[in-house]
Structure formats: structure tokens, C-alpha cells
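In what follows, a single structure is set out as C-alpha cells and then discussed.
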Amino acid sequence: DTAVSQTPKYLVTQMGNDKSIKCEQNLGHDTMYWYKQDSKKFLKIMFSYNNKELIINETVPNRFSPKSPDKAHLNLHINSLELGDSAVYFCASSQRGKTSLRNEQFFGPGTRLTVL
Amino acid sequence: AQKVTQAQTEISVVEKEDVTLDCVYETRDTTYYLFWYKQPPSGELVFLIRRNSFDEQNEISGRYSWNFQKSTSSFNFTITASQVVDSAVYFCALSEAYSGGGADGLTFGKGTHLIIQP
């Protein structure tokens, strides 16, 4: 049983296109995240989403927009794709609750995006 | 601002050797959480351990052990009797209890690529 799943696993597209990556978690967690891993394997937080509160890392271009239809899903939509968007995108989830407790995050398998 | 430094970019050892991966962190929070994740060649991120700032006890899990020292802001990871299957990139990460308005995700180090040769 997959805890955090992402689709697609691979995504190859042309510059300027719009694409979406889907993420679903079946762990009952209340917080979901998107991370970007670049070609040097550096992982950086893009967004966190908790109880309809979206927190955006200030360095993320506004071409990136997360959309959450419900607590179990946090999809990533990217407009006007650029070459520099090529990376592996990881979705993650954790249970935060009503405190500032930072539980471990469970990651999806990643989506490798290649922009040509 | 929070920061995690993994100074060792790559380590190569022969199987059965012990190896320690270093992690040094910076934070202004008094409450924070430290993590280690493993990323094998297949690419997924596997959670290994979480430690909060109030718990300085070292932990051992099989061949894995972790040494948390607040005095030196370090959270080092040791693999005893390494095996080829331990070959992976290992990430140390930090999360503050109060993110200061920013996304409360993990701040990762740049990772250490561990190569275990047979």
C-alpha cells in the first residue's frame, strides 16, 4: 500500500507548456509539501499546505501553483515551463496537528520533469 | 535563518568498514527537529530518524547509530560494518518549531554520497 503517491513518474515536455503533477497521501496526514531536487541533488522546500493554509517559499516563481482539492491531495501546476524547471519534484506529507510539532515527513517517489 | 551543512560530499569505503557521516546545523530556535533521510540509487527518500532538540540521547538501530550533540550543533550518523546496500545519498535535515512565516518544510543539507565497495 503506497503511502504517498505521485503521478506521473516521468514527464517530458516542451518549453512554454503547462503541466500538472498529482500527489495523494493515504496516511491521514494534515500537512502536505512540495520539494524540488535539482541536478546537484539539492532539496528545497517549495510549498507547505495545512488546513487550507498555503505557505509559499518566497523564491518560488508564481508560475508554480499548488492546488488542494482535499486533505489527501496536493497537486502542483506549472505554467509556461522553462528549461530551469527541469528537476525531480517530491511531494511529502506529515502530521502536524494543533501544535508546532514537526513529525517526520514521508515522501512520494518523485516526478522527474524534463523541459526541452 | 536555519542551515544544515554536510561537509562530506562523497565518502568511499570498503564493505564492513565503519563510516560516520557528519552533519552540522545552525538555528536560532530553541525548539527544533533533526532528521536523516536516505536516497538510494532508485531515487526515493527514505526516513531514517527524527530527533527533537530536547532529547540528546544517542540512538542505535541495528547497524545505524546517531550522535546528537547540542554543544557542537552536530547530529552525526554512523554505519557500523557497512554493506553494499548502504550505498546511497544521505541527507541531514532540520525543521524549526516556529518557521517565522516561511514554509515549514525541512531544510536539507547538500547530502553525502556514500559508496560502499565490495
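The values are calculated or read from the model by the stated rules, or taken from the named source; none is laboratory data. Worth saying up front: this structure is predicted, and the values here are computed from it rather than measured. All Cβ positions, even for glycine, are placed from backbone atoms using ideal geometry, and neighbour counts span all protein chains on display. All accessible areas refer to the heavy atoms of the entire protein, side chains included, with ligands and DNA or RNA removed. Shrake-Rupley method; radii C 1.70, N 1.55, O 1.52, S 1.80 Å.
Computed values, structure above
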{"quantity": "Label-to-label distance, nm, for residues given as B:VAL13 and B:GLN69 (7 Å Cα→Cβ offset)", "calculated": "1.7 nm"}
{"quantity": "Trypsin sites (Lys or Arg not before Pro), loop per DSSP, at most 12 other Cβ atoms within 10 Å - longest free stretch of chain B", "calculated": "B:29-118"}
{"quantity": "Within straight-line cross-link reach of A:LYS19, aspartates and glutamates at Cα separation under 16 Å, skipping those fewer than 8 residues along the same chain", "calculated": "A:GLU82, A:ASP85"}
{"quantity": "For the range B:1-97: relative contact order, % (alpha-carbon pairs under 8 angstrom, 6 or more apart)", "calculated": "38 percent"}
{"quantity": "Positive minus negative residues near A:THR59 (Lys, Arg vs Asp, Glu; Cβ under 12 Å)", "calculated": "+1"}
{"quantity": "Reachable aspartates and glutamates from A:LYS71, criterion Cα separation under 12 angstrom, eight or more residues apart if same chain", "calculated": "A:GLU24, A:ASP30, A:GLU53"}
{"quantity": "Two-site label geometry, B:SER61 and B:GLU26: point separation in nm, points 7 Å out along Cα→Cβ", "calculated": "2.9 nm"}
{"quantity": "Estimated inter-spin distance, B:HIS113 and B:THR5, nm [label 7 Å along Cα→Cβ]", "calculated": "2.2 nm"}
{"quantity": "Buried accessible area, chains A and B (both chains, 1.4 Å probe, Å² to nearest 100)", "calculated": "1900 Å²"}
{"quantity": "Percent accessible area from carbon and sulfur atoms, the protein assembly as shown, protein chains only, probe 1.4 Å", "calculated": "50 percent"}
{"quantity": "Cα gyration tensor, chain A - rounded (a/c under 1.5), prolate or oblate", "calculated": "prolate"}
{"quantity": "Mean-position separation - Cα centroids, the range B:1-20 and the range A:38-96, in angstrom", "calculated": "28 Å"}
{"quantity": "Length-normalised contact order of the range A:37-80 in % [C-alpha pairs under 8 Å, at least 6 apart]", "calculated": "25 percent"}
{"quantity": "Violating pairs (Cα-Cα greater than 21 angstrom) within the set A:LYS9/A:LYS67; A:LYS41/B:LYS16; A:LYS67/B:LYS110; A:LYS36/B:LYS70; A:LYS52/B:LYS110", "calculated": "A:LYS41/B:LYS16; A:LYS67/B:LYS110; A:LYS36/B:LYS70; A:LYS52/B:LYS110"}
{"quantity": "Rounded to whole Hz, the Karplus (6.51, -1.76, 1.60) HN-Hα couplings of the range B:49-63, x for glycine and proline", "calculated": "7, 10, 9, 9, 5, 8, 10, 8, 5, 6, 10, 10, 9, x, 7"}
{"quantity": "Karplus 3J(HN,Hα) series, Hz, for the range A:28-43 with 6.51 cos²θ - 1.76 cosθ + 1.60 (x for Gly, Pro)", "calculated": "x, 6, 9, 10, 10, 9, 10, 10, 10, 10, 7, 5, 8, 6, 6, 9"}
